[in-house]
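The values are calculated or read from the model by the stated rules, or taken from the named source; none is laboratory data. For clarity, every value in this text was computed on a predicted model and none was experimentally measured. Here Cβ is always computed from backbone atoms with ideal geometry, including for glycine, and neighbour counts include all displayed protein chains. Heads up: the accessible areas ignore ligands, DNA and RNA and are worked out on the full protein's heavy atoms, side chains in. Shrake-Rupley method; radii C 1.70, N 1.55, O 1.52, S 1.80 Å.
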Amino acid sequence: MGWLGAWFDGVQQWLFESVLQPLMFSMGQANLLENGYEASGWLLVGLLQLVVIVAVIGPLQRLWPVEPVTNRATVRTDILYTLIHRLGVFRLALFFSVDPLADSLFGALRVAGVSTFQLDGIWPGITDIPWVSLLLYLVVFDFVDYWIHRGQHHFEWWWRLHSLHHAQQQMTMWSDNRNHLLDDLLRDAILVVVAQTIGVAPGQFIAIVAITQLSESFQHANVRLWFGRWGERLWVSPRFHRLHHSIGIGHETVKPAVAVSGGMPSAGPRVVLGGHNFGVLLPWWDMLMRTANFEWRFDPTGVRDQVEPDAQGRVRDYGKGFWSQQWRGVLRLLGKA
């Protein structure tokens, strides 16, 4: 791992000094050079991810597809989402919005004598070993991500944003970043605060995000693949996650019948927001919280209200292109679509 880290640092330094630093000087942004150096790390990680997506996951989709790709236009829109996120455009927006606010908040806490918790310091000599602390942070962040994901499916207002991600009926390796930007902003704000709270170093935070994103790209791939009986319980597979995107199963939970007062018979079962398989990297949390579904199934994906007409015979339109999808998400949030 040492040579890999040295190679990455060398390439990042070259990218910063050759591309970003001259650009920032020409734009009068010399006061943000530290942020620019960090941005070069995100850009390099994104480029490496795109190489793996195209060179490794792409051939797997062609070898063992779940279904034929019949709607190329919606896949092209997903590619745009991926480029925005993986090449640092969205991350750049966070540099000027969420990150300064988080730095100010925790700076004020330190001035007030409130120190943040260093998770890698709980067992000196063990948890501060780089690869051990990385694994520890991965588990913690995945636990947080599980509950964020549960929230996206539990709260009606949040689901109105997150449902855009589930409205993709043509899932491919590009579908992971198909999200409403407000949904992404809220999730990333939570993760930034968690990172600051438990003392994650910037380099490790980049590594955690990179591992998570690349795994999620694979999970969303149009691949008929699973990891076997035990492997499915160690890491989230494309089969496990595709079931989370299945119409109904992935975003609905059937509540049991309840008794009605006044001697009336019990009311029938109710369908509410919920679902199965919320784990981002590890299926452990789904197993613990009884939200795991390990059935061998590859169902059609999407949201029920876009394929089944309502009482007025209408289906919900989630938008065709990037801006249309973002605007309709705002309208859904306001209860107007």
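Could you check the stretch 135-172 and list, in sequence order, the residues that are of a type in the set (Asp, Glu) and either open to solvent by less than 10 Å² (accessible area, probe 1.4 Å) or in contact with a Ser or Thr (Cβ under 8 Å, 6 or more places away or on another chain) (or both)? Hits for the stretch 135-172 are Asp142, Asp145. The single condition among (1) closer than 13 Å to His220 by Cβ; (2) open to solvent by 50 Å² or more (accessible area, probe 1.4 Å) that Gln61 does not satisfy is (2). When the test is whether a residue is closer than 17 Å to Gly329 by Cβ and assigned to a helix (DSSP H, G or I), Leu136 does not pass it. Among helices (runs of 4 or more DSSP H) entirely within the stretch 156-255, having at least 1 residues that are within 17 Å of Val280 (Cα to Cα) and modelled with pLDDT under 95 singles out 181-198, 202-219.
Within the stretch 282-300, the residues that satisfy the criterion of being of a type outside the set (Gly, Ala, Ser), in contact with an Asp or Glu (Cβ under 9 Å, 6 or more places away or on another chain) and under 21 Å from Val272 (Cβ atoms) are Trp285, Asn293. Across the stretch 103-131, the qualifying residues are those that are in contact with a helix residue (DSSP H, G or I) (Cβ under 7 Å, 6 or more places away or on another chain) and assigned to a loop (DSSP other than H, G, I, E, B), and the one among them that is most open to solvent (accessible area, probe 1.4 Å) is Phe117. The condition (being open to solvent by 60 Å² or more (accessible area, probe 1.4 Å), within 30 Å of Arg239 (Cα to Cα) and modelled with pLDDT of 95 or more) is satisfied by just one residue among Leu80, Leu50: Leu80.
Restricting the stretch 1-11 to residues that are under 21 Å from Trp131 (Cα atoms) and open to solvent by less than 80 Å² (accessible area, probe 1.4 Å) leaves a set whose member that is modelled with the lowest pLDDT is Gly2.
If only residues of the stretch 288-337 that are assigned to a loop (DSSP other than H, G, I, E, B), free of Cβ contacts under 8 Å to residues at least 60 places away in the same chain and aliphatic (A, V, I, L, M) are counted, the one that is surrounded by the most Cβ atoms within 10 Å (Cβ to Cβ) is Ala292. Applying the condition of being at pLDDT 85 or above, in contact with a Ser or Thr (Cβ under 8 Å, 6 or more places away or on another chain) and not charged (D, E, K, R) to the stretch 111-134 and asking which residue is nearest to Ser246 (Cα to Cα) yields Ser133.
Among the residues of the stretch 192-212, just one is without any contact (Cβ under 8 Å) to a residue 60 or more places away in the chain and open to solvent by less than 20 Å² (accessible area, probe 1.4 Å), namely Ala195.
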